[in-house]
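Data block below; observations after.
No lab work stands behind these numbers, since they all come straight from the coordinates. Here the structure is a predicted model, which means the values were calculated and not measured. Neighbour counts run over all protein chains shown; Cβ positions are idealised from the backbone, glycine included.
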Amino acid sequence: MKVLKFGGTSVAHASNINKVIEIIIDTLKDNEGVVIVVSALSGITDDLITLANLASKKDIKYEIIFKAICGRHNQVIKELIDLKNKKKVSQEINKKYNELEEIVKNIFSVQELSLSALDAVMSYGEQLSSFIINEAIKSRGISSQFMDTRTIIKTDDNFGEANVDIENSYKLISKNLKNKALSVVGGFIASTKDGITTTLGRGGSDYTASLIGAALDVNVVEIWTDVDGIMTEDPKKMKNALLISEITYEKAEEMAYNGAKVIHPKTIRPAVLKNIPIYVKNTFNPSGSGTKISNGKK
């Protein structure tokens, strides 16, 4: 099995998501199970945080942000979902909009933003993107299972950066995703044993991918971004940055803690314990070799 995680500009809008689907179709040719982990549409998590903060200050401008969030997702549905399924998908997504609106109205009325309420609001980025992307895959005639990550990753109630109950989560992941041809889940989100929504901290979708990979003992975890892999310098700042083709888990974790934004620091840990290689690859250059992160032994 393989786990592929897509985030950032890879899922910014419909044309990029089409590139993601092409990579998924290509991966399926290997006839092995694949789990897709997706982040929120690019920029949506920040918009959701702004939405919650405005509501807590009783600032009616939150309604403008809410409409803009709905508009972004509606546009993706319009461009990616085939006509016969568009109505059904829109109905499901509208239910999510209504849930989000109720949570935000409650924040507005109490004028308080608890960490648990913020987690609930932030979770809608991945709730919406994962459902829509799964439906977009199905629109291509590919059978795919949607799984709400909150039912398979369980945490404590440390809202904002919850700690994963590894043993329980691994059992649930294995039960629901093992031996499935293709599954799509949202990264970053989880829930307590009582079903209260939590999040794994910003950038936590990488961690979700690694947890699922470790639980399923996959052959490889692939983190798909908008750069060719881990670079010697930030390529957006340094034009002569070079690609690091191979790196050890230890060195990658050190780079992550020192601010390299390509990979989330927590991501490495579950993979190290199961000795699963992680590849960092570019959605916009899928034939590139990327960076391989492993124990360095041949």
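A few comments on the model shown:
- Reachable aspartates and glutamates, given that their alpha-carbon falls under 19 Å from the alpha-carbon of K171 and they are not under 8 places away in the same chain: D148, D156, D194, D217
- Dimensions of segment 25-167 along the principal axes, based on C-alpha atoms and rounded to the nearest Å, stand at 51, 41, 22, largest first.
- Using only Cα coordinates, the Kirkwood hydrodynamic radius of segment 101-222 works out to 15.0 Å.
- Percent of C-alpha pairs per 10 Å bin, segment 139-291, short to long: 11, 37, 34, 16, 2, 0
- The residues neighbouring Y170, those whose beta-carbon lies less than 12 Å from its own, together hold a net charge of +2 under the Lys/Arg +1, Asp/Glu -1 convention.
- Here the gap between K178 and K58, fully extended at 0.36 nm per residue and compared with their Cα-Cα distance, gives a gain of 38.6 nm.
- Placing one equal scatterer on every Cα of segment 55-107 and applying the Debye formula, the log10 ratio I(q)/I(0) at q = 0.26 Å⁻¹ is -0.99.
- The spacing between segment 69-92 and segment 1-48, judged by their C-alpha centroids, is 17 Å.
- Along each principal axis, Cα extent of segment 1-84, largest first, Å: 53, 28, 19
- Listed by chain and number, the lysines whose C-alpha is less than 16 Å from the C-alpha of K105, apart from same-chain residues fewer than 8 away, are K57, K58, K61, K67, K95, K96.
- Extension gain, S15 back to S114 (0.36 nm per residue minus Cα-Cα distance, nm): 32.0 nm
- Over the C-alpha atoms of segment 78-144, the Rg to Rh ratio, Rh being the Kirkwood estimate, stands at 1.11.
- Principal semi-axes in Å for segment 222-281 [√(5λ), Cα gyration tensor, largest first]: 20, 12, 10
- Ordering of 107-113, 220-226 by packing [mean C-beta count within 10 Å, highest first]: 220-226, 107-113
- Alpha-carbon Debye profile of the chain, log10 I(q)/I(0) at 0.10, 0.15 Å⁻¹: -0.52, -1.19
- Span-rule helices in the chain, defined as complete DSSP H runs reaching 24 Å or more along the axis (Cα) with Kyte mean at least 0.0: 62-80, 115-139
- For segment 108-177, taking the reciprocal of the average inverse distance between every pair of different Cα atoms yields a Kirkwood hydrodynamic radius of 14.2 Å.
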